[in-house]
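Heads up: the structure comes next, in structure tokens.
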Amino acid sequence: MHVRGIATQGRSVWAADEAEWGLSPRAARILLAIPFVIAIVGVAAVPIRPVYRVLANEDGVAEWGQFVCLALLIILYARLGWELWRRDHRWLAMLYGAAMVGMVFIAGEEISWGQRLFGWVTPAELEAVNNQGESNLHNVGSVLKIFNLVILGICLAAMVGPVVRWTAWRARPRSVAGYALIPPLAVIPFFGFEFAYRSIRLLFLPTPRYTLTKYSEFGELSFYLGLVVFAVLLLRVLRRRAPEAEEAAIDPLRPSLQG
């Protein structure tokens, strides 16, 4: 009975979270499965080295998938910043504006600011300090380690936030800040994949070989895709909420939010 009660409560929480975000059960299940598909595809390709190279190498499918996600995030964060600003949620608008600027920088770094597209030579001063001899900053010194730690922190917050929302904060109606800062439960695996990979690398395999090193591209793709999904769902929620009702509480089971 105790196990059955926990399962029933879990399903209730899951349904309430779906309702808050306007997700149908089918859509939530699809989102839940996508990171696992990405992870499995990466593992399945390992024995087929030519396929693995196409998927995971520099300028491979996974890396360009990340760039597409980053480009989408620039647009989505700009739109979210505008929506939040015009509804007088200024600090959230500035946060998303800063995130947009960050995505511009990361997108540029991801393709070495176009170096591999246009083939220019890395300046001698930068080549001397860059671990890969490319025109980017994230391979200089300890910048990459700091960047990885930031990603770990974001992933951890994205996984813990939804759990806290449905435990310690379950009785509270979700505010605009609650939507803007805490993703849906169905999005947790997108960040969990990257968190697990980065944690294992950091704690147990600081200098892995080629296969595990390149597997990072799949984790990063999952991470950026998770941000895209979160941003799209947040924008949809904001558009469904009337600006004049921004300060009003939202019932997690409110029919108008069920998609």
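Every read-out reported here was derived from the displayed coordinates using simple, explicitly stated rules and does not represent laboratory data. Source: prediction; values computed, not measured. Heads up, the Cβs are rebuilt from the backbone with ideal geometry, glycines too, and the neighbour counts pull from every protein chain shown.
With N residues in the stretch 34-109, what two-decimal value do you get for its Cα radius of gyration over 2.2 N^0.38 Å? Write out the running numbers ahead of the final one.
Values: Rg = 16.9 Å, N = 76, 2.2 N^0.38 = 11.4 Å.
Output field value: 1.48.
When each of V68, V37 is scored by the number of other beta-carbon atoms lying within 10 Å, the sequence from fewest to most is V37, V68. The H on the amide N of R174, modeled in the peptide plane, is under 5 Å from the matching H of I250, each at least 5 residues off or on a different chain.
Per-peptide packing, taken as the mean over residues of other Cβ atoms within 10 Å, places 38-44, 166-172, 191-197, 70-76 in the sequence 191-197, 70-76, 38-44, 166-172 from highest down. Couplings for the stretch 218-223, taken from phi via the Karplus curve 6.51 cos²θ - 1.76 cosθ + 1.60 with θ = phi - 60°, read 6, x, 5, 4, 4, 4 Hz in order; Gly and Pro are left as x.
Taking each residue as 0.36 nm, the span from V46 to L202 lengthens on full extension beyond its C-alpha to C-alpha distance by 54.0 nm.
Under 5 Å from the amide H of W166 lies no amide H of any residue 5 or more positions distant or on a separate chain, with H modelled from the backbone and absent for Pro and chain starts.
The distance linking the stretch 64-101 with the stretch 140-204 is 18 Å (Cα centroid to Cα centroid, whole angstrom).
Applying the Karplus relation 6.51 cos²θ - 1.76 cosθ + 1.60 with θ = phi - 60° to the stretch 24-41 yields 3J(HN,Hα) values of 6, x, 5, 4, 4, 5, 5, 4, 4, 7, 4, x, 5, 5, 4, 4, 5, 4 Hz, where x marks Gly and Pro.
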